[in-house]
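Notes follow the structure.
The values are calculated or read from the model by the stated rules, or taken from the named source; none is laboratory data. Here the structure is a predicted model, which is why all the values come from computation and not from measurement. Reconstructed Cβ throughout: ideal geometry from the backbone, glycine too, with neighbour counts over all protein chains shown. To get the accessible areas, we keep the full protein, side chains included, count just its heavy atoms, and leave off ligands, DNA and RNA. Shrake-Rupley method; radii C 1.70, N 1.55, O 1.52, S 1.80 Å.
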Amino acid sequence: VQLQASGGGLVQAGGSLRLSCAASGRTFSSYAMGWFRQAPGKEREFVAAINWSGGSTNHAGSVKGRFTISRDNAKNTVYLQMNSLKPEDTAVYYCAAKRGMAPVSIAGVYDYWGQGTQVTVSS
């Protein structure tokens, strides 16, 4: 599986962005998907994950109520809608895919990673 993340950019605090992650391959619907982020000088952290069908999601406490993960299996794409952005959301955002259905928050269990897309939130 190859993953291509897009949609990052520069936005003012309080603004919104929608990230997309397009996956290659015909078995996209058999993978759970996740979004992670890494800010300069910090470790990669979990943002959100979604199971194979989209029926179960998991969001980090720091983004709950502001970010929403979703997927469209017909388009082999997973999305991250980010609202009410804060300067502390500034990071490189990565999408990832894992075999199996559960929306897991642990980066180490993901099998495939995209290249990342930069999100910068100005105050």
| Within region 1-13, how many residues turn out to be under 26 Å from Met101 (Cβ atoms) and in contact with a Leu (Cβ under 8 Å, 6 or more places away or on another chain)? | 3
| request: Could you tell me whether Gly9 is more than 17 Å from Tyr110 (Cβ to Cβ), open to solvent by less than 30 Å² (accessible area, probe 1.4 Å), modelled with pLDDT of 95 or more and more than 14 Å from the chain's Cα centre (by Cα)? | output: yes
| task | May I ask you to list the residues in region 54-74 that are more than 17 Å from Ser105 (Cα to Cα) and touching a residue at least 40 places away in the same chain (Cβ under 8 Å)? | result | Asn73
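So which of Ser30, Ser16, Ser24 is under 12 Å from Ala97 (Cβ atoms), loosely packed, with under 14 Cβ neighbours inside 10 Å and in contact (Cβ under 8 Å) with a residue 40 or more places away in the chain? Walk me through it before giving the result.
Values: Ser30 fails: loosely packed, with under 14 Cβ neighbours inside 10 Å; Ser16 fails: under 12 Å from Ala97 (Cβ atoms).
Only one candidate passes the filter, namely Ser24.
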